[in-house]
Structure formats: C-alpha cells, structure tokens
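Below: the structure, in structure tokens.
The values are calculated or read from the model by the stated rules, or taken from the named source; none is laboratory data. Treat the numbers as computed from the prediction; the structure is a model and nothing was measured. Because the Cβ atoms are built from the backbone with ideal geometry, glycine has one as well, and the counts that use them run over all protein chains shown. In case anyone asks, the SASA skips ligands and DNA or RNA and just uses the protein heavy atoms, side chains included. Shrake-Rupley method; radii C 1.70, N 1.55, O 1.52, S 1.80 Å.
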Amino acid sequence: METMEKRTQEQNAQKRVVAVQEKKGLGISEILLIGILLAAGAVLKFFVGSVINFGMKPNFIIAMYCLVMLLIRPKVYEAAIIGLLAGAICQFFPGQPYINIASELVGAVAMVLLMKIPMKIGKFSLAPVVCTFLATLVSGFAFIGIMYLMYYTGADITPTPLAAFMAIIFGTATINAVIVQVLFPPLKLAFRRK
C-alpha cells in the first residue's frame, strides 16, 4: 500500500515539473521594439536638435536605447550590438563622423552593467532615472575623450569647446533621465502584456 502511494506521489511530482527553456537571443518583438525606439530617438534628435543647437545637438537616441534595455534586459553582448546600431544611426546626423559608434557602444554597455546594481526604494525603482543619467554621461564623456584624442593626434577635426560639451552632456543626461523615467512605467506594462 505504501509503495503504491509513493509511486502515485512520484508520478504527480513528475507531472508538476515544468520545462523552462533558456532564452537564446532576442525575440522578434524585442527586435521590433529596438527598431521603433531607436527610430523615435532619431526623430527626437532631428526635430529637437534643430531647435536646441549649441554646436552639438542633444542625443535622444541614448534615451531610447536606455529605455529599450530597461524593457528587454539584454545580455552585455546584445547591449553592445544595440549601442553599435545607435551609433550607426547617429552617422546620419551632422557632427564628427564615426565617434558616436564608439561612444554609443560604451554608453550601451555601461547602461546594461549599471542595471545590475539594485536601486529600489520599497516598490519604486530608481534604475530608469539613475542608469539613464549615468549611461548618458558615460557616452558623452567617451565622445569628448575620443574627439580630443583624435584632435591631438592630428586628425582633421575641430573640437567643440569643453564648456559647451559639459553643458550639453549634463543637460542631455537630465532630459534623457526624465524621458526614460516618464516612459518606462507605461511601456513596461504594455510590453509585459504582449
């Protein structure tokens, strides 16, 4: 009798086992979300950048890749690819050529690494605002560093004065942090429903 009960319990336990498949790469919905948000960032950069222009336009593409990373939680190599795509999109805008490819790569990897730091106060997460602000700074300072390195090694570029860069970087970081903090909760709900 005990053997039969034990066998029944084992069979029930086996039925309860749920197979969990490991996520391999990004799904089609995540790839579409990346494309849509990077395109939205490009539109913002074009239209807002034509109004606000102090020798360098604010880069809202950073806000969008930060937002997409918060939504899809990519691996580091996937974040690097997203950063490279964002940098490639930036090539369609006036400015120093090719520098954004490296700076957005660095900013995207910084974003995904910053997201690993716990930043919750009760139920409220500070990750959207803090990670976006810091990732924007990382991207901006990488841009400045690469540009001045190229300038001092003899490249034919004219660097923007450092004071103007600082104002743009910190201003863009603040705006990006606000944009992501406002857009993240509703987009998270919409994305989770799908």
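Here are the numbers for this structure:
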{"read-out": "Qualifying residue in segment 177-185 (condition: open to solvent by 50 Å² or more (accessible area, probe 1.4 Å) and over 19 Å from Phe124 (Cβ atoms))", "value": "no"}
{"read-out": "Per-region count, segment 133-159, residues among the small types (Gly, Ala, Ser), free of Cβ contacts under 8 Å to residues at least 12 places away in the same chain and part of a helix (DSSP H, G or I)", "value": "1"}
{"read-out": "Boolean, Pro186 is outside any helix (DSSP H, G or I), modelled with pLDDT of 85 or more and closer than 24 Å to Ala79 by Cα", "value": "no"}
{"read-out": "Sole residue being among the small types (Gly, Ala, Ser) and loosely packed, with under 15 Cβ neighbours inside 10 Å, chosen from Gly122, Gly107, Gly140, Gly95", "value": "Gly122"}
{"read-out": "Tabulated pairs, segment 61-72, first touching a residue at least 40 places away in the same chain (Cβ under 8 Å), second of a type in the set (S, T, N, Q), C-beta under 7 angstrom, 6+ apart or interchain", "value": "Ile62/Thr136; Ile62/Ser139; Ile62/Asn176; Ala63/Thr132; Ala63/Asn176; Cys66/Thr132; Cys66/Asn176"}
